[in-house]
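Taking it in order: structure first as structure tokens, then the write-up.
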Amino acid sequence: MQNYEILSQRDAENALKEIVQEIALLGLHRSHFFEKAAFYGGTALRILYGLSRFSEDLDFTLLQPDKNFSLTPYFSAIQKELESYGFEVDIKRVDKKIESEIESAFIKAGTKIHFLKITLLKPFAESIQSTDKLQIKFEVDTNPSPGFSVETRYLLKPTSFPIISLKKPDLFAGEIHALLFRKWKNRVKGRDFYDYVWYLKNNTPVNLQYFQNIQSQQNQKTIKKVKNLKDLQSLLKSHFETIDFKKVKQDVLPFIKDPRELEVWSPDFFIQITDKLTVTSAG
């Protein structure tokens, strides 16, 4: 906890969530989860590659399709690891109401009780209701699109251990697809836009073939098929012209330290920086 600058209740909750995420990843490693799956999404970008915003969920993709895959066998290892560090948690699988290729579960813990346990967080405990829950969703795509590559990354906290992750160009392809097509309760997920800027800032190319494979698997016939970099840039620029950036900023604010990062955000900003986009494969 001493590695975090904690000036508010929001800072404290973000730090606590991230610590739980890292310990959960250790539990997954020790239960051989990464022999079957790879880490991706915003939290992978944050924990493994240095993204400067906090992230809520743990997202994974199987290395090979498996419609019978279940998260349940890994719960005991995650719970055992968290309990060894003093966390009291419940882990429950999400029962699907409709057929889905995503396997989901939640890690839940009482926020107040853990704030009271941790010295650095006690000053913020009074304003928390006893019913408030720290909640982390983790999801596994059991029918992944082909064409991604993985690499081994290492975490040093809470102890040293390896994690299998998608490589950055593949992560970027998935991020762009989410930015363009994510259906998120009829709202815009501003965190996708923040990550988009991060990838461009770090000169990360997009795995175009992997993006095309995702688009093909999603069967998005109403959207023009992206054949090359120019098509992708055009699709993104058209999308940015439709976005309410006030709502985008509101979504991402709870997860960043410096709101001034967002002052320049506008359709024109995103349209112009999209000219910096590059790809790893010619289309």
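The values are calculated or read from the model by the stated rules, or taken from the named source; none is laboratory data. This is a predicted model, so every value here is computed, not measured. No Cβ is skipped: glycine too gets one built from the backbone with ideal geometry, and neighbour counts run over all protein chains shown.
Only residues that are surrounded by 17 or more Cβ atoms within 10 Å (Cβ to Cβ) and either at pLDDT below 95 or closer than 21 Å to L171 by Cβ (or both): list them for the range 246-283, please. Full working, then the answer.
Taking the range 246-283 and keeping what is surrounded by 17 or more Cβ atoms within 10 Å (Cβ to Cβ), we get 248-249, 251-252, 255-256, 262, 265, 270, 274, 277, 279-280.
Within the range 246-283, V248, D251, V252, F255, I256, F270, T274, L277, V279, T280 qualify.
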### Task
Hey, can you tell me all the residues within the range 44-84 that are under 20 Å from A15 (Cβ atoms) and either free of Cβ contacts under 8 Å to residues at least 24 places away in the same chain or assigned by TED's automatic domain parsing to the domain that holds P259 (or both)?
G50, E83, S84
### Query
Among the residues of the range 160-169, is any under 25 Å from L63 (Cβ atoms), among the β-branched types (V, I, T) and in a strand (DSSP E or B)?
yes
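What helices (runs of 4 or more DSSP H) completely inside the range 189-283 contain at least 2 residues that are closer than 29 Å to N14 by Cβ? Can you show your working first?
Numbers: elements: 190-201, 208-217, 229-240, 245-252, 267-273.
Passing ranges, in order: 190-201, 229-240, 245-252, 267-273.
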### Message
Give all pairs with beta carbons closer than 7 Å in which a residue from the range 238-251 that is without any contact (Cβ under 8 Å) to a residue 40 or more places away in the chain meets a residue that is in a helix (DSSP H, G or I) and among the β-branched types (V, I, T); count only pairs at least 6 apart in sequence or on separate chains.
### Response
F240/I271
### Query
Out of the range 138-161, which residues are loosely packed, with under 13 Cβ neighbours inside 10 Å and either basic (K, R) or over 18 Å from the mean Cα position of the chain (by Cα) (or both)?
P146, L156, T159, S160
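Just wondering, is there one or more residues in the range 125-134 that are modelled with pLDDT of 95 or more and either on the phi > 0 side of the Ramachandran plot or surrounded by fewer than 16 Cβ atoms within 10 Å (Cβ to Cβ) (or both)? Write out each step before concluding.
First, pick out the residues of the range 125-134 that are modelled with pLDDT of 95 or more: none.
Checking the range 125-134: not a single residue is modelled with pLDDT of 95 or more and either on the phi > 0 side of the Ramachandran plot or surrounded by fewer than 16 Cβ atoms within 10 Å (Cβ to Cβ) (or both).
V150: touching a residue at least 60 places away in the same chain (Cβ under 8 Å), closer than 25 Å to H29 by Cβ and not small (G, A, S), yes or no? Quick ask: steps written out before the conclusion?
On the way: touching a residue at least 60 places away in the same chain (Cβ under 8 Å): yes; closer than 25 Å to H29 by Cβ: yes; not small (G, A, S): yes.
Considered against the rule, which asks whether it is touching a residue at least 60 places away in the same chain (Cβ under 8 Å), closer than 25 Å to H29 by Cβ and not small (G, A, S), V150 comes out as yes.
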